[in-house]
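A short worksheet on the structure shown next.
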Amino acid sequence: MAHQIIRISLKAYDHSLLDKSTEKIVKTAKSTGAVISGPIPLPTHRTVYTVLRSPFVNKKSREQFQTNIHKRIVDIINSTPKTVESLMKLDLPAGVDIEIKV
């Protein structure tokens, strides 16, 4: 598995949870001797929902809610089988979506 690039994409609603997860991934990969590029912060995807406050009248009275999806990318270069094994054993929080491409 030498000279392969592993790209790990992380998404989460909570940026602090996302940063802690990327720290764990970077520490475990560096401890096995792999070279790391990142974490690279990507633009935050923001979705705004506008809802009427009243169910009957007062069309001008509205309320807005939003969700923010934070994203990070970590590239692991020159990975070893030990790196892959340690990443598979890594326990990450439930609020983080992980996508791995080899």
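Listed values, structure above:
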quantity	calculated
Filtered residue count, region 18-35, keeping only those that are crowded, with 17+ Cβ neighbours inside 10 Å and either at positive phi or aliphatic (A, V, I, L, M) (or both)	5
Residue list for region 47-64, filter: part of a strand (DSSP E or B) and hydrophobic (A, V, I, L, M, F, W, C)	Val48, Val51, Leu52
Pick from region 62-99, criterion β-branched (Val, Ile, Thr) and modelled with pLDDT of 85 or more, ranking: surrounded by the fewest Cβ atoms within 10 Å (Cβ to Cβ)	Thr67
Residues that are farther than 18 Å from Pro81 by Cβ, part of a helix (DSSP H, G or I) and of a type in the set (Ser, Thr, Tyr), drawn from region 1-41	Ser16, Ser21, Thr22
Inter-residue pairs, beta-carbon under 8 Å, first over 17 Å from Met88 (Cα atoms) and in region 2-30, second among the polar types (S, T, N, Q) and in a helix (DSSP H, G or I), 6+ apart	Ala12/Ser21
Subset of region 78-100 [basic (Lys, Arg) and within 20 Å of Asp19 (Cα to Cα)]	Lys89
Selected residue (only one of Thr83, Thr44, Thr67 is among the hydroxyl-bearing types (Ser, Thr, Tyr), in a strand (DSSP E or B) and in contact with a helix residue (DSSP H, G or I) (Cβ under 9 Å, 6 or more places away or on another chain))	Thr44
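The values are calculated or read from the model by the stated rules, or taken from the named source; none is laboratory data. Small disclaimer: the values here were computed from a predicted structure and weren't measured. Glycine gets a Cβ as well: all are built from the backbone with ideal geometry, and neighbour counts include every protein chain shown.
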